[in-house]
1. May I ask you to list the residues in the stretch 26-65 that are closer than 21 Å to LEU157 by Cα, of a type in the set (Gly, Ala, Ser) and touching a Leu at 6+ places or on another chain (Cβ under 8 Å)?
2. Taking the conditions exactly as written (in contact with a Pro (Cβ under 9 Å, 6 or more places away or on another chain) and within 20 Å of PHE125 (Cβ to Cβ)), does LEU24 satisfy them or not?
3. Would you call ALA145 surrounded by fewer than 17 Cβ atoms within 10 Å (Cβ to Cβ), in contact (Cβ under 8 Å) with a residue 24 or more places away in the chain and small (Gly, Ala, Ser)?
4. So if I check each of GLU92, GLU85, which one is acidic (Asp, Glu), at pLDDT 85 or above and closer than 17 Å to LEU24 by Cβ?
5. Kindly evaluate PHE49 against the criterion of being at positive phi and either touching a residue at least 60 places away in the same chain (Cβ under 8 Å) or of a type in the set (Phe, Trp, Tyr) (or both).
6. On the given criteria, is THR14 surrounded by 13 or more Cβ atoms within 10 Å (Cβ to Cβ) and polar (S, T, N, Q)?
7. Take the conditions modelled with pLDDT of 85 or more, in a helix (DSSP H, G or I) and in contact with a strand residue (DSSP E or B) (Cβ under 8 Å, 6 or more places away or on another chain) and apply them to ILE23. Does it pass?
8. Can we say LEU119 is in contact with a Cys (Cβ under 9 Å, 6 or more places away or on another chain) and hydrophobic (A, V, I, L, M, F, W, C)?
Amino acid sequence: MPRPLRIRVKRCRTLYLRLLLCILGRAIPRAIRLSREAQEECRKFPSDFRILLGLRAPGPALILESDGLGRLYRAAGAETSPDLEIRLKSVEAAFRLFTFQESTAASEAGGRLTAAGSLALVLSFIRIIDVVEILLLPRVIAQRAVKLWHKPDRLILKRLALYFSLLLPAPKRR
């Protein structure tokens, strides 16, 4: 592949990752309100617990903060360092994960995903992301993205509620 074309492909992938992290940043707090399973996982995070999901070093990232009551909110910026970091090795690794070519478990096993923080909390956050993917994605794609796909109660209603809530302003932290 010629060098200028490679640079354009990388820029397009980075733009896609920024967009996807923006959508995830809006979808995660809303999906937690819709899913009892995600609420239980979210209750494990202490108050003011910060989670970072993104690329290593200069890449796009998503920062979420817990209120300690079973809810996550998108954090405004990086005033303090995150308590839990989940980073992807490169744009290519993130693109494979976020285009659902491989699951989170396969990314971690392949050394393309690293986590810093409590292992139990990392797994809780990954389970929350799995719930979000099940609610956002069609079954064919979600089965590739999550390790264990299960059909939640009232999936279609929850899915529609999540889609419509993404059009509304983000919930404010109390």
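1. As a first pass, look at the stretch 26-65 and keep what is closer than 21 Å to LEU157 by Cα: 26-40.
Still in the running and of a type in the set (Gly, Ala, Ser): 27, 31, 35, 38.
Scanning the stretch 26-65 gives ALA27, ALA31, SER35.
2. Details: in contact with a Pro (Cβ under 9 Å, 6 or more places away or on another chain): no; within 20 Å of PHE125 (Cβ to Cβ): yes.
Taking the combined requirement at face value, the residue does not satisfy it.
3. Values: surrounded by fewer than 17 Cβ atoms within 10 Å (Cβ to Cβ): no; in contact (Cβ under 8 Å) with a residue 24 or more places away in the chain: yes; small (Gly, Ala, Ser): yes.
No, not satisfied.
4. Values: GLU92 fails: closer than 17 Å to LEU24 by Cβ.
Exactly one residue qualifies, and that residue is GLU85.
5. Working: at positive phi: no; either touching a residue at least 60 places away in the same chain (Cβ under 8 Å) or of a type in the set (Phe, Trp, Tyr) (or both): yes.
When the stated conditions are applied, PHE49 does not pass them.
6. Details: surrounded by 13 or more Cβ atoms within 10 Å (Cβ to Cβ): yes; polar (S, T, N, Q): yes.
Against the criterion (surrounded by 13 or more Cβ atoms within 10 Å (Cβ to Cβ) and polar (S, T, N, Q)), THR14 qualifies.
7. Numbers: modelled with pLDDT of 85 or more: yes; in a helix (DSSP H, G or I): yes; in contact with a strand residue (DSSP E or B) (Cβ under 8 Å, 6 or more places away or on another chain): no.
Taking the combined requirement at face value, the residue does not satisfy it.
8. Spelling it out, it is not the case that LEU119 is in contact with a Cys (Cβ under 9 Å, 6 or more places away or on another chain) and hydrophobic (A, V, I, L, M, F, W, C).
The values are calculated or read from the model by the stated rules, or taken from the named source; none is laboratory data. These figures come from a predicted structure and were not determined experimentally. Every residue, glycine among them, receives a Cβ derived from its backbone with ideal geometry; neighbour counts consider all protein chains shown.
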